[in-house]
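Visitor: Below you'll find the structure I mean.
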Amino acid sequence: MHPLALFGAAVMALAFSPARIFGIVTAVAVHEAGHVAAGAILGVRVTGINVVPFGISFDMRQPRSYLHEALIAAAGPFVNFTVCALILSGVLPSGDGVRELFVFSLSLGMLNVLPVRALDGGNVFMAATSHFFGRDSAERVLGVLSVVTLTLLYLAAVYIFFYGSENFSLLFFVCAMFTLTVVHSDGDFIK
């Protein structure tokens, strides 16, 4: 468990309503359950669970093919969008918690389809591009695409922060993702 995950959970417990906590936790749980279910269907086992500042991360054995890799990555956002469709269709009962679940499922799904290295969209892009052009070329293209995407998202987050009534969570998220994308764990800048 990452130490900042405990801090984030404590802040969330103190700052958010029970309905919002339900929405966040449930959206993250169904997202990750989508990855695990897709992995299980494709015969890819979970080897570890990591609680990180922005949710949960699963370590899985290497998928057998680029198609399997893309399907497992796409399963999380797909489940989030499916939850949103169920809520809109009236299958799930209405209430404050369900409204928060809709908002966070939609947000989590939309953010995760972006072509950014640390997100599911980046993994789908990496798998598809690797299939056609090789892993090294895919890494280089995804590195540049990640920086461009995060820069545009950063500009939108700054605008929202200064001219909207929203809080700084998107700005904080983009800054954290930019750091994870640009500086790798080995200290190297984008490859």
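No lab work stands behind these numbers, since they all come straight from the coordinates. All values reported here derive from a predicted model rather than from experimental measurement. FYI the Cβ positions are ideal-geometry reconstructions off the backbone, even for glycines, and counts take in every protein chain you see.
Visitor: Among (1) within 20 Å of residue 105 (Cβ to Cβ); (2) not in a helix (DSSP H, G or I), which single condition is residue 43 missing?
Guide: With respect to (1) within 20 Å of residue 105 (Cβ to Cβ); (2) not in a helix (DSSP H, G or I), residue 43 is out only on (1).
Visitor: Still on this structure, please answer the following. Just the residues that are in contact with a helix residue (DSSP H, G or I) (Cβ under 9 Å, 6 or more places away or on another chain) and among the aromatic types (Phe, Trp, Tyr), please, taken from the stretch 128-164.
Guide: Hits for the stretch 128-164 are 132, 133, 154, 161.
Residues checked against (1) of a type outside the set (D, E, K, R); (2) part of a helix (DSSP H, G or I); (3) farther than 25 Å from residue 171 by Cα:
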position: 87; (1), (2), (3): yes, yes, yes
position: 92; (1), (2), (3): yes, no, yes
position: 99; (1), (2), (3): no, yes, no
position: 104; (1), (2), (3): yes, yes, no
position: 110; (1), (2), (3): yes, yes, no
position: 128; (1), (2), (3): yes, yes, yes
position: 142; (1), (2), (3): yes, yes, no
position: 150; (1), (2), (3): yes, yes, no
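Per-residue answers, yes or no, for (1) touching a Leu at 6+ places or on another chain (Cβ under 8 Å); (2) over 27 Å from residue 7 (Cβ atoms); (3) not hydroxyl-bearing (Ser, Thr, Tyr):
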site	(1), (2), (3)
62	no, yes, yes
81	yes, yes, yes
129	yes, yes, no
142	no, yes, yes
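Visitor: Considering the stretch 74-91 alone, what residues qualify as being of a type in the set (Val, Ile, Thr) and within 16 Å of residue 124 (Cα to Cα)?
Guide: Within the stretch 74-91, 79 is the sole residue that qualifies.
Visitor: Can you tell me which condition residue 20 does not meet? The list is (1) assigned to a strand (DSSP E or B); (2) more than 15 Å from residue 112 (Cβ to Cβ), and all the others hold.
Guide: (1)
Visitor: Okay, next question. Filter the stretch 31-52 for residues that are crowded, with 19+ Cβ neighbours inside 10 Å, out of contact with any strand residue (DSSP E or B) (no Cβ under 7 Å at 6 or more places or on another chain) and of a type in the set (A, V, I, L, M, F, W, C) and give the result.
Guide: 38
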